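Data block below; observations after.
The values are calculated or read from the model by the stated rules, or taken from the named source; none is laboratory data. This one's a predicted model, so the numbers in the text were calculated from it and none came from an experiment. Here the Cβ is made from the backbone with ideal geometry for all residues, glycine too, and neighbour counts use every protein chain on show. The accessibility values were calculated without ligands, DNA or RNA, using every heavy atom of the protein model including side chains. Shrake-Rupley method; radii C 1.70, N 1.55, O 1.52, S 1.80 Å.
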Amino acid sequence: MKRTFPVIIILISLSLFGLLLLQGSWLKNLLEVRESQLYNKISKDGLEVAEGLYKSVYNGKIMRPRKGGIGGFNADFHLHLLKPPSIAEKFTIAEVEARLHKVLASGEWKSLKFEFAIVSANAEYEMVSTHFEKDFSDSVNNKPIIIPILPEADLSMDEIASYEQLYIVIPNYKSQVWASLKWIIIGAGLFMLVIIAAFYVTVRSLMNQKKLSEIKSDFINNMTHEFKTPLATISLAVDALRNEKVQANPEKLKYFSGIIKEENIRMNKHVETILQAALMDRQELKLNLSAVHMHQMLEQVLENYQLQLQDKNGEVVRLFNAKNDLVQVDDVHFANLLSNLIDNAIKYSEDAILIKVSTHSTSKQLLIRIEDNGIGMSKETVKRIFEKFYRAHTGNLHNVKGFGLGMSYVKTVIDAHKAKIRVESIVGKGSSFTVEIPLMKG
Ligand code: ADP
């Protein structure tokens, strides 16, 4: 797991990068092909229109300038044939535009935009569309295509020069090509996003798996330690009890059997904690609600810690300021919750512990605050404190052991009561936990 994880990430990243590169070059090629496709289409369709225009002007006749000049004309020669009619004389701009539009803006190029002009044989504009001149002058963004208006395609260059020409300009040529590929580009982008999202989800779940396996091994280590210590103590106490001298001394008998009982209680507590956590995993907490005076409950919980506090030279300050302390709670779970908070306040403090338990009531809520002057927590710990199995490294408090389950239990009980809990803490100064619970109505 340790080595495969980075390998998987590198492999997926590489394939993602490769895919991106391939897609990029594929799109680039597609754009180039599409550009030349459009150019060919306009050249071909433009020629078709040009031929149409020519035929309409000259009624299908092919007008070749005479090789021998005008020397040999006869009686049939009409003056208008000397100077043949131009396209501008026969057609309006709108008519030419309509012809162009019909062939150019067709099929997949329905929204193609173009400007055009008809230029006479002596290079003068006969007819120009609205933006032609502006667009024609910008050859960077716009694509000009020049089509001679000829009767047939295979005339020599000399001959072409004596005919009119159709100029077509495609404004914003590249953008129009891009726009025609809009859906392909959007589709490719979307699929890429899907692949990236899948990659993200995979990596995240892999990381979660990794974290879980770390948590599991931490938990097993912790548990082994937590059970090994009382078992070793019990074993030593039993050895002592087997000693005849000890058996003869009732004082010592009481002392060692007391140790066994204490360690037994400790192990039972651990088993309870683990079972509780396992139970909470499988089902939501079922509450057995009853009306409780919170001040009474706090007193009872604090009483249980009297001895422990005395041992550690600790003191509890009670500031029960709430005018109303009647709430509806599950008395077992809520008392456990308070015990967990007090237990931690003692566990994560060095000597001369000062715990402040205060209450305060508003019109609808009861606030219970438990403050300690202990080791405090970093911002990271405060953020993660309610995570199952989370334990901060407690620095020099090596003796502090636990499973990291207490606070996640607290959060479950808080949520089940639709209450809130707020944590504030400063490293080295202490922590405070504020529970906010709705007061009983009426
Ligand atoms: P455990 O005490 O078994 O480690 P908890 O879930 O009760 O697990 O607490 C999780 C972690 O939160 C503790 O390991 C500790 O780092 C931190 N913590 C909880 N309460 C306090 C407190 N009052 N002061 C400092 N740290 C605390």
Item to complete: Can you tell me which of 352-358, 5-11 comes out highest on packing, and rank the rest after it, using the mean Cβ neighbours within 10 Å?
Response: 352-358, 5-11
Discussion item. How large is the Kirkwood hydrodynamic radius of the chain, counting all unique pairs of alpha carbons, in Å?
Written reply: 31.4
Worksheet item: Size of the dipole of the range 183-281 about the Cα centre, Lys and Arg at +1 and Asp and Glu at -1 on the beta carbon, nothing else charged, in debye to 20?
Response: 60
Discussion item. Using a 1.4 angstrom probe on the protein heavy atoms only, could you order Lys388, Lys55, Lys254 from most to least accessible area?
Written reply: Lys254, Lys55, Lys388
Worksheet item: What does the accessible area of Asp331 come to, in Å² to the nearest 10, when a probe of 1.4 Å is used?
Response: 80
Worksheet entry | D_trans [Stokes-Einstein, Kirkwood Rh over alpha-carbon pairs] for the range 260-330, 10 °C, 1.306 mPa s, µm² s⁻¹ | 103
Worksheet item: Just the Cα atoms of the range 289-438: what Rg and Dmax do they give in Å?
Response: 14.7, 44
Worksheet item: If you line up the Cα atoms of the range 183-281 on their principal axes, what length do they span on each, largest first, in Å?
Response: 95, 21, 12
Fill in: Backbone HN-Hα couplings from phi across the range 113-130 [Karplus 6.51/-1.76/1.60, Hz, Gly and Pro as x]
10, 8, 10, 8, 8, 10, 10, 6, 4, 9, 6, 10, 6, 8, 7, 9, 7, 3
Worksheet item: What percentage of the solvent-accessible surface of the chain, computed with a 1.4 Å probe over protein heavy atoms, is contributed by carbon and sulfur atoms?
Response: 58
Worksheet item: When the helix-only estimate is applied to the chain (DSSP H runs of n ≥ 4, each -39,500 (n - 2.57), divided by the residue count), what is the mean residue ellipticity at 222 nm, nearest 500 deg cm²/dmol?
Response: -18000 deg cm²/dmol
